[in-house]
1. Sort V69, V49 so the one with the fewest other Cβ atoms within 10 Å of its own Cβ comes first.
2. Given Cα pairs under 8 Å that are at least 6 residues apart, what percent is the relative contact order of the stretch 3-154?
3. Excluding same-chain pairs closer than 8 in sequence, count the lysine pairs in the stretch 3-154 whose Cα atoms lie under 22 Å apart.
4. What list do you get for K27, K137, K94, K156 if you sort them by fewest beta carbons within 10 Å?
5. What is the Cα centroid distance between the stretch 117-139 and the stretch 32-54, reported in whole angstrom?
6. Within the chain, which complete DSSP H helices have Cα atoms spanning at least 27 Å along the helix axis and a mean Kyte-Doolittle hydropathy of 0.5 or higher?
7. Quick check on the stretch 38-165: of the DSSP beta bridges with both residues there, what percent are antiparallel, nearest 5%?
8. If you count, for each residue, the other Cβ atoms within 10 Å and average over each peptide, how do 126-133, 97-104, 31-38, 70-77 line up from highest to lowest?
Amino acid sequence: MERVHLSGEVRHVKEHSSRQLSQDAVKELIQQSQEAKKQAYCPYSKFRVGAALLAHDNCVFTGCNVENVCYNLGACAERNAISKAVSEGYRSFKAIAIASDMNDQFISPCGGCRQFMREFGPNLTVYLSKPDGSYLKMTVNELLPSSFGPEDLSMKKVIDIPNEC
C-alpha cells in the first residue's frame, strides 16, 4: 500500500481492482480516517470523528468533524470529506471509511450524513470502524433503506394539486 501526498490533504491509495477493494486498501482507507480524526475540532462533545473518501481514480479525500458553539452549525466528518472532493470536481466514489474513539461499538453516520452520502449513490461502500482497525462493511442503501435520491426528482408527479380551504 502506497500513500502519495498531493496538494493539501488529497492522497491516493494503490489499488488495482475497480470493484472490490483489497484488504490492504481497506486497511489504508480506515487508517486515513483514523488520521483525519486527529484533526477534529470538538471542544463541546469531545467526540472525534474522521472520514476518508475513496474516489474511482483512487484519490482519497479526508474530513473531520468541526463543531461550533451554535451546535447546529457544526459539520460532520463525512460531509466535510465529500464536500472537499466535490469542490475538487469529483462526483463518483468507491467507498468511505469512518472512524471514532468508540471501542465498544462501530461508529455509524448520523441521518444527515446518510442522506448526504445517498446523493452520490445508494451502493457506495461504507466502512464503519473501531480504533483497533476492525470494521463493518455496509452500503448506503443498507444504512438508509427506501431512501429518497436524485432519481426520484425525475419521477412522474401530480402537477395540479388543488388547494383545499
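Every read-out reported here was derived from the displayed coordinates using simple, explicitly stated rules and does not represent laboratory data. Predicted model, so just to flag it, every value in this text is computed and none were measured. For neighbour counting, all protein chains shown are included, and Cβ atoms are generated from backbone atoms with ideal geometry for every residue, glycine included.
1. Details: V69 8, V49 27.
So the residues, fewest neighbours to most, are V69, V49.
2. Relative contact order here is 18 percent.
3. Number of lysine pairs found: 23.
4. Values: K27 18, K137 14, K94 24, K156 5.
Fewest-to-most ranking of K27, K137, K94, K156: K156, K137, K27, K94.
5. Each part reduced to its Cα centre gives a spacing of 15 Å.
6. None pass (Cα extent of 27 Å or more, hydropathy at least 0.5).
7. 80
8. On the way: 126-133: 18.4, 97-104: 20.1, 31-38: 21.9, 70-77: 14.2.
In descending order of packing, they fall as 31-38, 97-104, 126-133, 70-77.
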